[in-house]
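Remarks on the structure that follows.
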Amino acid sequence: MARRIAAGAAYGGGGIGLVGVAAVGVLLAEVQLAKRSVGGGTAPVPPRGDGLYGLSFGRENPLHLAVLGDSTAAGQGVRRAGQTPGALLASGLAAVAERPVEVRNIALPGAQSDDLERQVTRLLADRSRTPDLCVVMIGANDVTHRMPATQSVRCLAAAVRRLRTAGAEVVVGTCPDLGTIEPVYQPLRWLARRASRQLAAAQTIVAVEQGARTVSLGDLLGPEFAANPREMFGADNYHPSAEGYATAAMAMLPTLCAALGLWPEGDALEADRHEDLLPVARAAATAASEAGTEVTGARAPWALLKHRRRRRLPASEAGEGAAQGAAVAGAPTERAPGGGPGPGGGRDRGADRNPPDRAHRR
């Protein structure tokens, strides 16, 4: 895995020439050091998170949430279904909407952007369950396996276009910053960060052009990892832990709510939160360097750069279901009321099981 990070970073960042021939020996040494730690543990196979969440609001008229992408979207690194991104986001949405949310997770560990075509086809094959909202988290494997950025974003754009044509709102969690992985040192860390951010910016541009919203995951786990390295990343030192996924879900939930019209959106931008109306390319570059930033299309060629407030839901807002939203905000929970995260929180759907191939990759 460390060798893939190194090769992908060098490729995506423009090659070894960026650091000079004299630095090649240092870079190779860093690869060897990282190899001893990255992927040294074993990440558990992602648990099944499909099912109905927010049962305290009934079973009728659920929102349909679909999750597509790679192992980050699948939730590799955790052991309970309620700790996966899909389950966390569904529980939060149910609490805000006061409606049940049905989750289908199509994500495949190890997937690159060219797998999105297969995932979208599988998702849309069942016309009786057309998704209201799709979350796409993809890109890390594109960097580590040296997929050309042009091919990567072309695949993403096609997938978003198909989902939007089907009537779904789409939120893309852009490529995470591989430079935040603790065992990766300089200059390898710099190369990994540069390649990741370049891809994240390109993903933002094409996704917004196709009518999606994006949330930059970037180095979202960086500060938390520095303070609590044993808590934020999983056993393999590569995938997030339950706490890490909760942090990412907390950053994405406000954008999902806004996409569905569940939280009112004001017209005024908050200057003190560095929100702005920028050209799409500039907004994408800014978002790629600042995790948790949302980019939403405005009148072409402009885009809105937003830093949404992450909120805990007070218990009075949604009764029992509010506990589910609190779980997304990072509150520890064994089982959320109303069929939320926890053993038995969702209904098992055997037809949607992910195939085991490529499960050793991200």
Amide H neighbours of ARG79 under 5 Å, at least 5 residues apart or on other chains, H built in the peptide plane: list them.
none
The farthest towards the positive end of the charge dipole of segment 64-139, of the residues SER91, ILE106, THR130, given +1 on Cβ of Lys and Arg and -1 on Cβ of Asp and Glu, is SER91
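From the P(r) of segment 70-158, could you give the percentage of C-alpha pairs in the tail past 21 Å?
It works out to 38 percent of all Cα pairs.
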Please sort 198-206, 255-263 by packing, taking for each peptide the average over its residues of neighbouring beta carbons within 10 angstrom, highest first.
198-206, 255-263
Measuring from label point to label point, each 7 Å out along Cα→Cβ, what is the GLU290 to TRP302 span in nm?
1.8
Residue separation between ARG164 and ARG273 times 0.36 nm, minus their alpha-carbon distance, gives in nm 36.3 nm
Please compute the modelled spin-label separation between THR130 and VAL45, points set 7 Å along Cα→Cβ, answer in nm with one decimal.
3.4
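At a 1.4 Å probe radius, carbon and sulfur cover how many percent of the accessible area of segment 96-135?
Carbon and sulfur: 41 percent of the exposed surface of segment 96-135.
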Scan around SER241 for amide H atoms under 5 Å from its own, H built in the peptide plane at 1.01 Å from N, and keep only partners 5 or more places away or cross-chain.
PHE233, GLY234
Taking Rh as the Kirkwood radius computed over alpha-carbon pairs of segment 250-300 and applying Stokes-Einstein at 4 °C with viscosity 1.567 mPa s, one gets a diffusion coefficient in µm² s⁻¹ of 107
Centre separation in Å (Cα based) which lies between segment 66-118 and segment 291-306
24
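The values are calculated or read from the model by the stated rules, or taken from the named source; none is laboratory data. Note that the coordinates shown come from a computational prediction; the quantities given were computed from them, not determined experimentally. Virtual Cβ from ideal backbone geometry, glycine too; neighbours counted across all protein chains shown. Ligands, DNA and RNA are excluded from the accessible area calculation, which covers all protein heavy atoms including side chains. Shrake-Rupley method; radii C 1.70, N 1.55, O 1.52, S 1.80 Å.
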